1. Using unit Cβ charges (K, R positive; D, E negative) and no other charged atoms, how large, in debye to the nearest 20, is the dipole of the chain about its Cα centre?
2. Which one is right for this structure if Cα extents along the principal axes in Å is calculated from it: (i) 38, 31, 26; (ii) 38, 29, 23; (iii) 48, 34, 28?
3. To the nearest 0.05, how large is the calculated FRET efficiency for I95 and T39 if R₀ is 30 Å and r is the Cβ-Cβ distance?
Amino acid sequence: MSEHVFDRQKWQSLTIFEQMGNIGAEVGRAFAARRRGDTAAMTGAWQRGLDLLDATAEQLARQKSPKLREVLRARELFAGMEDESLEGYFMWFAIAARRGR
């Protein structure tokens, strides 16, 4: 875990689309910072993204949700910071969350 602090109760009140969309923002920040060569910003966004993915996975595990496997796979791919197509994957969740408002 990083030093990044967030309200877990509020996080758990978000829909899976809102959670994944917010995670996607950190994913986008991490890859953008890497492209700029800003290691500090990349590391911060990467750690925040992992923290949010972990919180989502913990919630889904408690709920015994079948979505857990997909979230854990996304975490695995993001942890390696190799697949920039993850930005597009998470973008669809942000779009779905906005449509649901």
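1. 400
2. Calculated Cα extents along the principal axes in Å: the matching label is (ii).
3. FRET efficiency, I95 to T39: 0.50.
Values quoted throughout were computed directly from the atomic coordinates according to the rules given, and no laboratory measurement underlies them. Note that this is a predicted model, so its numbers are computed, not measured. As a convention, Cβ positions derive from the backbone with ideal geometry for all residues, glycine included, and neighbour counts pool all protein chains shown.
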